[in-house]
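In what follows, a structure is listed as structure tokens, so that the remarks can point back to it.
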Amino acid sequence: MKSNFVVSTWREIWLSDAKKLYAVDPNIIHKLECDGRLADYDEITVAPVLRSTVESFVQDHQFVDLKFRQHVDILMKRLDDIHGTNHGNAFWKKALSLSLLRHITLCYDLFKICENHLDLENHDCRILDQACFRIPGDFDEHRQIFQHSDLGQEQLFSIYCRLFYQDSFLSWQDDSKTNLCYNDIHNVQSANICLRIFRRLINKVKSVIRAPRLAAHKAFERVFRIRDPKIGIIDCSFSTENITNLLIKSRGRIQTISLPSISCSGQSPNWQQRDWLVSEEEYFDRFDRFSFACLRHGMPKIFIEDFSDVYNQLTLHFNRYRQLKWAACEWWIGHTLPSIAMAILGQKGVKHIYTEHNYLAYPFLGNNLKYIYPLVDEFISLGWEDRSIPNLIRGGSLFPWVEQKELIKEHEILFISSIPNTRAPEVNASYGESGARAVLAYLEMNRLFFDALSESTLKSMVYRAYPSSIASQAHAWDQTYVLRKYLPRVKLFDEGQISARTLMQRSRLIVVNYLSTSYLEALIADLPTIILWNENAYLLDERFEDFFDVLIHAQICHRDPVEAANFIEQIKASPEEWWGSPLVRHARESFLKANIGTPELLMKRLLDHVSE
């Protein structure tokens, strides 16, 4: 009997009588285990995980990089042809930003597994009927569908099978489930009405607390709005206080610019244009054919049917800013509307300042910064420098890193956790908890860490999960199930009811198990901090192999989770004493000096542009 070749956890599409499974990802088996369904099958085989070695990671990164550069060159010309425009390469590269790279990555990961393991003699399956396919509105929705839903995986797999194994598998459609598999199946955790009511109450309390500051900001904004700004702040993670300071110090020449709500005519898919967009070139290899075939439904409507509406409305919106010379925009690189907005501003001669997002990506293997530098006029870093990059400027951040008010220490230990995402959007080691290889290493690191903690330490710990409002939208492993032996014994389990920065200020010792924003917030706030570095997933570029050395030497950063747990047992009675030691003080200050500049550096840079 053949094995059912399965690419997602959407069991309705599986062969109902199958007793043998071939799963392309260990998350599928994890889901069966969580649901108590492993015994339903006599035999389960899991495909080897992708990028299990550094060498294969580098090879895959190079392959995706090559295909991205080739495909974007083809698509830019075709998009101009479709719309009868001559926007040119600079416009389309900015408008597409990293989105096409992520499309190619998600296609490649499924393609590689199918090429290596799908075998008609040994495997059978059902594929998704094209009536169930989704066309995303923009690349934000594209990522939600193809990275974070079972529907997206089944759609890509169905395209692969129809392209290379035509008529080999039965098609499947269930109208009652089609919407559920994308819109609702990963939102079940957030369906608890009591939790939603509690969150609304928390948000209302926060709004009351922030009200005086927001009122003051709006008052200044009304006064200075009469001036035409020279610098616009568009989708940046700046604090309200910092925006107000810029507004006052520039006397209204630096202002926030909100993007308009776009109304589109709601056209049906234009299949003639879509078929031209994805038409094959003579030299296409199998992956080229597959990636382009996936774009027939995968290219967002904002670039085909809705493009003219979006372009015209954004152009009209920016026509009112006649003195605008610079635009600081942070969130454009991963979001479609600000990417198109910045491309339009570029056509108007407005220069783009990219203020680096609030985490350090540069030391990690395969990071995406090499795609960002060429697309902006100024890249202002968080505080690190690299003289080989001509447009990089050592700066700082106006992000609200620290909770300003002093709080009573209520908790002994705070553990801050990430989301183990099933799929990674890029072949990029800064996504240290995404994709099977990274997730398995991450979960094992956590298990070893918690297993080495004493009962008294567990009982004194607050476990801060990633906010459920975000986590519920992700296709991820269930950490609470993996850590079910330990989490019932912790003092408090928080899913975002209290902000992480507030919990930090209320805790004597902070433990962070991922390398994004939280560990920087804790170090900048000068709070006793332990960092768990999963070096099997967060691979460092060989140029920066010493990136964490100063923190490792001071035992702030730990590569071994058991050693980290043992060290916590040693210092938990007085973490402040350890944190105040000369070795630790030097390590913290050295790391921050090398990587994080002061807010004044960025503020001065922006104000200097006003006086030019």
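The values are calculated or read from the model by the stated rules, or taken from the named source; none is laboratory data. Just so you know, these numbers come straight off a predicted model, no measurement behind them. Every residue, glycine as well, gets a Cβ built from its backbone with ideal geometry; the counts of neighbours run over all protein chains shown.
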Which residue, of 480, 529, is surrounded by fewer than 19 Cβ atoms within 10 Å (Cβ to Cβ), assigned by TED's automatic domain parsing to the domain that holds residue 576 and polar (S, T, N, Q)? 480
Let me confirm something: among 540, 515, 532, 483, which residue is touching a Pro at 6+ places or on another chain (Cβ under 8 Å) and under 30 Å from residue 32 (Cα atoms)? 532
Mind checking which helices (runs of 4 or more DSSP H) fall wholly inside segment 514-612 and carry at least 2 residues that are more than 28 Å from residue 424 (Cα to Cα)? 549-553, 561-571, 575-579, 582-595, 599-610
Given the criterion in contact with a Leu (Cβ under 8 Å, 6 or more places away or on another chain), within 21 Å of residue 423 (Cα to Cα), assigned by TED's automatic domain parsing to the domain that holds residue 296 and not charged (D, E, K, R), identify the matching residue among 64, 24. 64
Output the qualifying pairs, or none if there are none: Cβ atoms under 6 angstrom, residues six or more apart or on different chains, first residue in segment 554-582 and over 18 Å from residue 415 (Cβ atoms) and in the same structural domain as residue 511 (by TED's automatic domain parsing), second residue in a helix (DSSP H, G or I) and at pLDDT 95 or above. 554/583; 554/584; 554/587
Candidate set: segment 38-59, residues that are touching a helix residue (DSSP H, G or I) at 6+ places or on another chain (Cβ under 8 Å) and of a type in the set (D, E, K, R); chosen: the one surrounded by the fewest Cβ atoms within 10 Å (Cβ to Cβ): 40
Please indicate, with yes or no, whether at least one residue in segment 544-558 is surrounded by 19 or more Cβ atoms within 10 Å (Cβ to Cβ), farther than 23 Å from residue 406 by Cα and among the β-branched types (Val, Ile, Thr). yes
Is there any pair linking a residue in segment 30-59 that is at positive phi and touching a residue at least 24 places away in the same chain (Cβ under 8 Å) to one that is in a helix (DSSP H, G or I) and of a type outside the set (Phe, Trp, Tyr), with Cβ under 6 Å and at least six apart or on different chains, and which? 51/60; 51/437
Inspect segment 293-306 for any residue being aromatic (Phe, Trp, Tyr) and either closer than 19 Å to residue 94 by Cβ or surrounded by fewer than 20 Cβ atoms within 10 Å (Cβ to Cβ) (or both) and give the result as yes or no. yes
Filter result for residue 534 (assigned by TED's automatic domain parsing to the domain that holds residue 445, modelled with pLDDT of 95 or more and either out of contact with any strand residue (DSSP E or B) (no Cβ under 9 Å at 6 or more places or on another chain) or surrounded by fewer than 19 Cβ atoms within 10 Å (Cβ to Cβ) (or both)): yes
What are the residues in segment 69-98 that are under 18 Å from residue 352 (Cβ atoms) and touching a residue at least 60 places away in the same chain (Cβ under 8 Å), if any? 87, 90, 91, 92, 93, 94, 95, 96, 97, 98
Please verify whether segment 88-100 includes one or more residues that are surrounded by 17 or more Cβ atoms within 10 Å (Cβ to Cβ) and part of a loop (DSSP other than H, G, I, E, B). yes
Output the residues belonging to segment 231-276 that are of a type in the set (Phe, Trp, Tyr) and under 27 Å from the mean Cα position of the chain (by Cα). 238
Which residues, taken from segment 425-471, are surrounded by fewer than 18 Cβ atoms within 10 Å (Cβ to Cβ), among the hydrophobic types (A, V, I, L, M, F, W, C) and under 20 Å from residue 529 (Cα atoms)? 448, 452
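Yes/no matrix, rows are residues, columns are (1) modelled with pLDDT of 95 or more; (2) basic (Lys, Arg); (3) part of a helix (DSSP H, G or I):
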| site | (1), (2), (3) |
| --- | --- |
| 222 | no, yes, yes |
| 227 | no, yes, no |
| 242 | yes, no, yes |
| 247 | yes, no, yes |
| 259 | yes, no, no |
For segment 321-361, what are the residues that are among the β-branched types (Val, Ile, Thr) and over 19 Å from residue 430 (Cα atoms)? 336, 340, 344, 350, 353
Tell me, yes or no, whether segment 366-385 has at least one residue that is of a type in the set (Gly, Ala, Ser) and surrounded by fewer than 19 Cβ atoms within 10 Å (Cβ to Cβ). no
